[in-house]
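The structure appears below as structure tokens.
Derivation of every value follows stated rules applied to the coordinates shown; laboratory data play no part. Every value quoted in this text rests on a predicted model; they were computed, and no experiment measured them. Reconstructed Cβ throughout: ideal geometry from the backbone, glycine too, with neighbour counts over all protein chains shown.
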Amino acid sequence: MILRVALAVVLTTALLAAVTPAVANAGAERADGAVDRQLAALAAELETMVATDDPTADPGARHVVELRLPGRSLTSAAVTRLRFTSRGGVALATWRVGDGATRSSTRLAGVPVHAAGGGALTLRESGTHRLAFELRSQDGQRVLTVSRLGGEHGA
């Protein structure tokens, strides 16, 4: 009887050891895909705003969006960081899934983006975030500003 219990424990442990990495990888891919889909839709909306609206020095063309960052669960890894920044004069969003092993980036618009107070905007909390993107004119250049609005993780 003791031999059967010991054998069952060994087999269960071996099975869990074999399955755990695959489950973790699937969770990271699920979280990465969820953020990628949301940001692809946001990029299309921002490109349309940049192409069709005129920038202003004051608040003008504005797009409000809700982004959901997955938290850690049995079926998903957590998105631990989402950052809006500029590189080479274009707006980018970069995000990290889990402990940083998976890092992704996507182009949002053909103009720079920065936080309303300057620099980059970084979100670190899982859950829903309401953001406002505005098309502005600064020093004769078109730029997007991003700010957090009230809500679950309001600013």
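Observations on the structure shown:
- Set of segment 102-140 residues, backbone N closer than 11 Å to the point 7 Å along the Cα-Cβ line of Arg62: 132-135
- Full extension of the chain between Gln138 and Arg81 yields a length gain of 17.7 nm, computed as 0.36 nm times the residue separation minus the alpha carbon distance.
- Once the Cα-Cα distance is subtracted from the 0.36 nm per residue extended length, the Asp99 to Ala115 segment shows a gain of 3.3 nm.
- Ser147 paired with Thr52, simple spin-label distance in nm, labels 7 Å along Cα-to-beta-carbon: 2.4
- Net charge contributed by nearby residues that have their C-beta within less than 12 Å of Arg142 (K/R +1, D/E -1): -3
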